[in-house]
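Report on one structure; see the data block that follows.
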Amino acid sequence: MSKPRIIKDYEKLNEDIIAQIKLRYPFGFDKELIQFKNKDGALIMALPYESDDYYYLIRMTRRKAEEIMDEDEDFDDEGFLTEEAKERLDNETQKMDDDE
């Protein structure tokens, strides 16, 4: 059985999904974007992310992806996840897993 797809804007994701996305794409996600056509036939760019329960397509342009990484303190000047952020996010996601 295939997982349900969720198409969502990055800003509307909850913090634990954002943390998991950062860990999945530690070298940034501007180069990981895919294109697809929505139900109206319009071309959409999105970042794919698969969790245990869902397949996410996170809507964003390449420019928006770069802007997110520029403004987020977890990414360095090159757009890479910092070691400190990686360690913190690893601990946070592990704690979430333990709580479930």
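Among the residues of segment 72-87, which ones are on the phi < 0 side of the Ramachandran plot and either in contact with a Gly (Cβ under 9 Å, 6 or more places away or on another chain) or modelled with pLDDT under 95 (or both)?
Selection gives F75, D77, E78, F80, L81.
Residues of segment 39-57 being closer than 18 Å to S2 by Cβ and either of a type outside the set (A, V, I, L, M) or exposed (fewer than 13 other Cβ atoms within 10 Å of the Cβ) (or both), which ones?
Residues satisfying the conditions are K39, P48, Y49, E50, S51, D52, D53, Y54, Y55, Y56.
So how many residues does segment 58-100 have that are within 17 Å of I17 (Cβ to Cβ), surrounded by fewer than 18 Cβ atoms within 10 Å (Cβ to Cβ) and of a type outside the set (D, E, K, R)?
4
The values are calculated or read from the model by the stated rules, or taken from the named source; none is laboratory data. Worth saying up front: this structure is predicted, and the values here are computed from it rather than measured. Note: ideal-geometry Cβ built from the backbone for every residue, glycine included; neighbour counts use all protein chains shown.
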